[in-house]
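Below is a structure I'd like to ask you about.
Every number in this text was worked out from the coordinates using simple rules, so none of it is lab data. Keep in mind it's a predicted model, so treat the numbers as computed, not measured. Neighbour counts run over all protein chains shown; Cβ positions are idealised from the backbone, glycine included.
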Amino acid sequence: MLSTKKHITQEKLKELEEAIKFIKANINTPYLTAQEAKGMLEIIEKYALVWKWIEEYDTGKIKVDKTRKGKKPISYEEAHAAIDQLKAYLMERNEASEVFGQVRDRGLFESALNTIFQTFGGQELYPSLEEKAANLLYLIIKNHPFVMAINEPVLFCS
């Protein structure tokens, strides 16, 4: 299973690299303004960084030196209220649209929020705040509970 995840992650990274190359090669096209192309490139570069973090998490390359105990589970309502606050802030700065943070599947989002607090044999599977954040990031990107394909709120949640 780990090799399958690694293969999928490598494929996604390659796709993103190709998309970045395409945008860089076509930045002067008359169909896109420079600002539009630059914006697309910034989004893809940020998304590539997220995939890099997921690959590092999947392969155990992320080491937690200093752990902070995870706090109490966050409810769907608390998470959604925080995302709504972020959306309002970003919209004031023209950095988000109305679709930012819209939940496509509440069950998938709640599942991600709950999964990070799972235990086995009385031990938390993700004991540190950092491990919880990494797993939440992974689950939201993997399961796409938000309307936006890129799942912008994922960075905030983590």
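Return the FRET efficiency for the residue pair residue 36, residue 124: r is the Cβ-Cβ distance, R0 is 41 Å, and the value is rounded to the nearest 0.05.
Details: r = 44 Å, r/R0 = 1.08.
FRET efficiency, residue 36 to residue 124: 0.40.
How high is the FRET efficiency from residue 21 to residue 90, r the C-beta distance, R0 30 Å, rounded to 0.05? Intermediate results must be reported in sequence, preceding the final value.
Values: r = 28 Å, r/R0 = 0.95.
FRET efficiency, residue 21 to residue 90: 0.60.
Follow-up. A 19 angstrom limit on the alpha carbon distance is what I want to check against. Which of 63/142; 52/142; 14/46 exceed it?
Numbers: 63/142 22 Å; 52/142 14 Å; 14/46 14 Å.
As for pairs spanning more than 19 Å Cα to Cα, those are 63/142.
Between residue 72 and residue 144, what's the calculated FRET efficiency when r is the beta-carbon distance and R0 is 22 Å? Round to 0.05. Present the calculation step by step, with values, prior to reporting the outcome.
Working: r = 26 Å, r/R0 = 1.19.
My answer for the efficiency is 0.25.
Highest mean first, how do 136-142, 109-115 rank when packing is the count of other Cβ atoms within 10 Å averaged over residues?
Details: 136-142: 20.0, 109-115: 17.9.
Ranking, from highest mean packing down: 136-142, 109-115.
If you don't mind, another one. Extent of segment 76-157 along each principal axis, from alpha carbon coordinates, in Å, largest to smallest?
47, 21, 20
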